[in-house]
Amino acid sequence: MKSLAPELRRMIYAHCVNIGAYGLLYVNKQFHHEFSPFVKTDFVLGFHIDPSSSTKVNFINPDDSTWGGRRALDAAYPHLDRSVLDSMPIDQFKGIRILVDPPNMSDPGQVVRGWLQSNALVTALLPDWKEPEVIPRTEEGFIIPDTRLTTRLPPITIQVRDRKAGKWHAQGFWNRSLPGFSQGQAFSDLETILTPLQRFRNADAIVLELPSDAPVDDRFDDFRSNLVSDGTRKKLFGLDISPELVWNDDDTQSIEDALHVWLDYLLDDMHGPSAAELRRDRFKFWCSWYEHQFGRRFHGRYHGSGYFGGTLVELEVHVLDLIERSFHDRFMSAREHVLAAYRDVLRRHGRSVYVYADKEKEFFELDQLVIRNGLRPELGNCETFWDVSYPTGIKPKSQNDSWENTEQIDRRFRLEPPNGLDDPTASRTFPSQLGVCPHCERDHEKFEAADYVQGWIRDYFFESSSRPELPLLLGPIEAT
């Protein structure tokens with residue numbers, strides 16, 4: 001290496017960065033001195049938001065190839081893994097580049113997937129709050145990774161590009177694949193996917209690059225202007241909540257929260273393959289933390305004189321009621337899909353099965369039948385159950401016999417999004433055979449009353465079951 005010309009050594013250093021190999025940093029002082037700028041002051045951290053791909057945000061190189069092999073953020077999992085980005089001296093980087101591809105309008109679930117990717121990326125890049133339920137008053141209330149000297153973000157370039165397979169706009173207008181949550185004009189697909197990026201703060205600069213033939217649109221121009229100007233404000237997101245401001249962080253959070261719960265509601269009955277996969281992921285990763293996150297979006301976070309964020313200001317009462325009912329039905333449907341998978345595997349092997357109102361009793365009877373007949377492998381294990389049982393995803397609720405509709409139940413028996421970490425969660429009633437969320441179960445203090453809660457909340461759900469009280473016999477499924 002020492003005998004090589006400096007130009008060749010720089011090419012080698014650049015290639016090492018692209019593949020995530022950093023061994024040369026530790027060979028000797030010369031290599032460390034020459035190589036360090038490539039991984040700090042000359043390094044541009046790249047990300048790819050691709051709604052047509054999986055629900056992961058890939059890290060990318062300058063040529064858009066995947067950086068370092070398989071580095072990615074999993075946006076479907078409620079417990080976002082921040083460790084990769086927390087290990088980086090991001091405030092010392094040359095820049096951040098975010099490449100954003102368009103969703104396919106014939107597959108509206110891609111807009112939701114792009115939203116999830118964008119939200120995960122911003123959340124992982126920004127400092128986390130030290131106390132999840134306590135809104136910080138100063139920077140002391142944030143967790144700054146040890147690898148960073150400041151809360152600064154380097155210049156951020158957001159590159160919005162069209163592809164051969166699809167564009168962001170048509171006939172002079174931005175695409176709008178989904179209905180809006182208010183009487184006004186619905187968000188464009190691009191505005192929806194970029195909305196979480198409005199939480200960026202303390203960036204040296206933000207540049208939003210649009211396709212050369214992008215439509216002229218006053219609403220989007222305002223959105224773009226706010227994204228750029230707010231992103232360079234020095235205060236971290238959450239610190240500007242003064243009611244004297246024309247637009248503060250509370251307003252920004254409220255818009256994002258309303259959009260989040262609205263997209264979750266639309267996803268229940270959304271057509272297309274991406275929506276089916278996202279519904280399956282939602283059931284697969286349903287846990288107490290997912291419920292608490294949804295509750296924060298729905299209610300906001302209490303900060304002494306009111307709530308930070310939440311949906312109450314942005315959504316009308318009848319929309320809030322729809323979303324609240326859908327949250328209840330969504331959980332009941334997740335439970336019903338578990339039972340349906342057990343029933344179907346038995347019925348495919350010539351067995352008749354009963355559908356009971358008592359879902360706990362039904363699960364344990366089905367589970368014993370599956371074990372006695374040696375059919376457990378056909379249901380996968382606790383990690384693969386949903387992918388094995390529903391390989392193409394979950395059908396929309398209007399086409400799905402296993403989707404519960406508890407619209408007519410007494411409001412007293414309706415599951416509501418939890419309001420704070422002390423509220424019990426429905427996921428505690430899932431059968432243990434399906435596994436438990438390792439992150440939630442590790443937090444013993446948070447769930448120290450879990451056994452008590454699980455008992456009464458289980459009874460609560462059985463009272464609100466919409467399934468018949470008398471057993472219903474289902475015959476075998478004939479082979480086709």
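The values are calculated or read from the model by the stated rules, or taken from the named source; none is laboratory data. Remember, it's a predicted structure, so these values are computed and weren't measured experimentally. Neighbour counts run over all protein chains shown; Cβ positions are idealised from the backbone, glycine included.
Rundown of residues vs (1) touching a Lys or Arg at 6+ places or on another chain (Cβ under 7 Å); (2) surrounded by 16 or more Cβ atoms within 10 Å (Cβ to Cβ); (3) at pLDDT below 90, yes/no style:
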| site | (1), (2), (3) |
| --- | --- |
| Glu34 | yes, yes, yes |
| Pro51 | yes, yes, no |
| Asp63 | no, no, yes |
| Ala72 | yes, yes, yes |
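Of the candidates Val84, Val122, Val100, the single residue that is on the phi < 0 side of the Ramachandran plot and either in contact with an Asp or Glu (Cβ under 7 Å, 6 or more places away or on another chain) or surrounded by 21 or more Cβ atoms within 10 Å (Cβ to Cβ) (or both) is Val100. Going by what's in this entry, would Asp257 be described as within 23 Å of Val122 (Cα to Cα), crowded, with 21+ Cβ neighbours inside 10 Å and either touching a residue at least 60 places away in the same chain (Cβ under 8 Å) or not charged (D, E, K, R) (or both)? Spelling it out, it is not the case that Asp257 is within 23 Å of Val122 (Cα to Cα), crowded, with 21+ Cβ neighbours inside 10 Å and either touching a residue at least 60 places away in the same chain (Cβ under 8 Å) or not charged (D, E, K, R) (or both).
Within the stretch 272-310, the set of residues being among the polar types (S, T, N, Q) and assigned to a helix (DSSP H, G or I) comprises Ser274, Ser288, Gln293.
Condition first: outside any strand (DSSP E or B) and surrounded by fewer than 16 Cβ atoms within 10 Å (Cβ to Cβ). Now tell me which residues in the stretch 125-147 satisfy that. Step through it out loud before you land on a result.
Of all residues in the stretch 125-147, those outside any strand (DSSP E or B) come to 125-127, 130-141, 144-147.
Lys130, Glu131, Pro132, Glu133, Val134, Arg137, Thr138, Glu139, Glu140, Asp146, Thr147, listed by residue number.
Tell me which residues, restricted to the stretch 148-182, are touching a strand residue (DSSP E or B) at 6+ places or on another chain (Cβ under 9 Å), of a type outside the set (S, T, N, Q) and in a loop (DSSP other than H, G, I, E, B). Answer for the stretch 148-182, where residues must be touching a strand residue (DSSP E or B) at 6+ places or on another chain (Cβ under 9 Å), of a type outside the set (S, T, N, Q) and in a loop (DSSP other than H, G, I, E, B): Arg152, Pro154, Pro155, Arg161, Asp162, Trp168.
Looking for whichever is of a type outside the set (A, V, I, L, M), within 18 Å of Tyr390 (Cα to Cα) and assigned by TED's automatic domain parsing to the domain that holds Arg414 here; the options are Ser274, Ser326, Ser352, Ser333. Which one fits?
Working: Ser274 fails: assigned by TED's automatic domain parsing to the domain that holds Arg414; Ser326 fails: within 18 Å of Tyr390 (Cα to Cα); Ser352 fails: within 18 Å of Tyr390 (Cα to Cα).
It is Ser333.
Checking each residue in the stretch 164-209 for being of a type in the set (S, T, N, Q) and without any contact (Cβ under 8 Å) to a residue 60 or more places away in the chain picks out Gln171, Gln183, Gln185, Ser188, Gln198, Asn202.
Here's the yes/no breakdown for (1) in contact with a Pro (Cβ under 6 Å, 6 or more places away or on another chain); (2) closer than 30 Å to Glu316 by Cβ; (3) not hydrophobic (A, V, I, L, M, F, W, C):
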position	(1), (2), (3)
Glu133	no, yes, yes
Arg137	no, no, yes
Ile144	yes, no, no
Thr157	no, no, yes
Ala165	no, no, no
His169	yes, yes, yes
Asn175	no, yes, yes
Ser182	no, yes, yes
Leu190	no, yes, no
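Quick one: Lys359 ticks every box in (1) modelled with pLDDT of 90 or more; (2) of a type in the set (Lys, Arg); (3) in the same structural domain as Pro417 (by TED's automatic domain parsing) bar one, so which box is it? Answer for Lys359: the failing condition is (1). Can you find, within the stretch 39-49, the residue that is modelled with the lowest pLDDT among those that are crowded, with 19+ Cβ neighbours inside 10 Å and assigned to a strand (DSSP E or B)? Filtering first and then ranking leaves Leu45. Take Thr311 and decide whether it is in contact with a helix residue (DSSP H, G or I) (Cβ under 7 Å, 6 or more places away or on another chain), among the polar types (S, T, N, Q) and surrounded by 16 or more Cβ atoms within 10 Å (Cβ to Cβ). In short, yes.
Residue-wise test of (1) in contact with a Gly (Cβ under 9 Å, 6 or more places away or on another chain); (2) more than 21 Å from Asn405 (Cα to Cα); (3) assigned to a helix (DSSP H, G or I); (4) not hydrophobic (A, V, I, L, M, F, W, C).
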residue	(1), (2), (3), (4)
Asp329	no, no, yes, yes
Ala334	no, no, yes, no
His337	no, no, yes, yes
Ala341	no, no, yes, no
His349	no, yes, no, yes
Glu362	no, no, yes, yes
Leu366	no, yes, yes, no
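Condition check ((1) surrounded by fewer than 17 Cβ atoms within 10 Å (Cβ to Cβ); (2) of a type outside the set (Gly, Ala, Ser)) across all residues:
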{"position": "Glu209", "(1), (2)": "yes, yes"}
{"position": "Phe220", "(1), (2)": "no, yes"}
{"position": "Asn226", "(1), (2)": "yes, yes"}
{"position": "Lys234", "(1), (2)": "yes, yes"}
{"position": "Asp269", "(1), (2)": "yes, yes"}
{"position": "Gly306", "(1), (2)": "yes, no"}
